[in-house]
1. Please give the charge dipole size of the chain, origin at the Cα centre, charges +1 on K and R Cβ atoms and -1 on D and E Cβ atoms. Round to the nearest 20 debye.
2. Using a simple spin-label model with points 7 Å from Cα along the Cα→Cβ vector, what separation in nm is obtained for ASP137 and ASP23?
3. Full-extension gain between SER43 and SER158, please, as 0.36 nm times their residue separation minus the C-alpha to C-alpha distance.
4. Using θ = phi - 60° and the Karplus relation 6.51 cos²θ - 1.76 cosθ + 1.60, list the HN-Hα couplings for region 126-141 in order, rounded to whole Hz, with x at every Gly or Pro.
5. May I ask you to evaluate 6.51 cos²θ - 1.76 cosθ + 1.60, the Karplus curve with θ = phi - 60°, for each residue of region 106-119 and list the ³J(HN,Hα) values in order in whole Hz, giving x for glycine and proline?
6. Could you check what % of the DSSP bridge pairs in region 2-158 are antiparallel, to the nearest 5?
7. Determine Rg/Rh for the chain; Rg is computed over alpha-carbon atoms and Rh is the Kirkwood hydrodynamic estimate from the same atoms.
8. What list of ³J(HN,Hα) values in whole Hz, one per residue of region 35-44 in order, does the Karplus curve 6.51 cos²θ - 1.76 cosθ + 1.60 (θ = phi - 60°) give from phi, with Gly and Pro shown as x?
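Derivation of every value follows stated rules applied to the coordinates shown; laboratory data play no part. As the structure is a prediction and not an experimental result, all values here were calculated from the model. Neighbour counts run over all protein chains shown; Cβ positions are idealised from the backbone, glycine included.
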Amino acid sequence: MIRVLGIDPGTRVTGYGVVDYRDRGLSYVCGGLIRPPQKRVLSKRLYILSEELSNIIEEYRPTCMAVEGLYLALNARSAMMLGHARGVVLMNAGRFGLEVFEYSPSTVKQSITGYGRAPKEQVRGMVKRLLKSDVIDGLDVTDALAVAICHIHHLTYSGKPRPASPGSSFPL
């Protein structure tokens, strides 16, 4: 069995989803949102993100982590803020010895829907169908689950897992 923790990182909202793969079948384990209070300073929001993500990793014991990559059309400030959240996510993966895999938004959409520019609503519908679950709600949650499913597809069809970038594969 493979248990993948998918992450859609953000400083305001981070979506997460856990998917199991065994005997050629996908199973929804859990999904949710981490929402640090917006009135807190950035350092406190990042700390809360780290603590909540640590709790999720400890509770669900994923085999690895799949993270959605940066979207190139972000403005500089948005990219920097997203970079902070991604840093916290990657730091937690390292802390728990999880190998990290990164997929671009278009790769995730292509893997889930067959079309790299599919709208979020189409991705959500396919995630619900693939996981045979109607309880999944929220675009950030379905994005995180889509990243996890994308990684499972890449493992099962290519047989070759891809680390996030050279030198960033975990454990350290």
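1. Details: 22 positive and 15 negative charges, 66 e Å.
Value, rounded to 20: 320 debye.
2. It is 3.2 nm.
3. Numbers: separation 115, 0.36 × 115 = 41.40 nm, distance 3.93 nm.
Gain on extension, SER43 to SER158, equals 37.5 nm.
4. Whole-Hz 3J(HN,Hα) from phi for region 126-141: 5, 4, 4, 5, 5, 8, 6, 9, 9, 7, 6, 9, x, 5, 5, 5.
5. Calculated HN-Hα couplings, in order: 5, 5, 4, 4, 4, 5, 8, 10, x, 9, x, 10, 5, x Hz.
6. Values: 16 of 25 bridges.
Percent antiparallel among DSSP bridges in region 2-158 is about 65.
7. On the way: Rg = 14.9 Å, Rh = 15.9 Å.
With Rg and the Kirkwood Rh in hand, the quotient comes to 0.94.
8. Once θ is set to phi - 60°, the couplings for region 35-44 become 10, x, x, 5, 7, 7, 5, 4, 4, 5 Hz.
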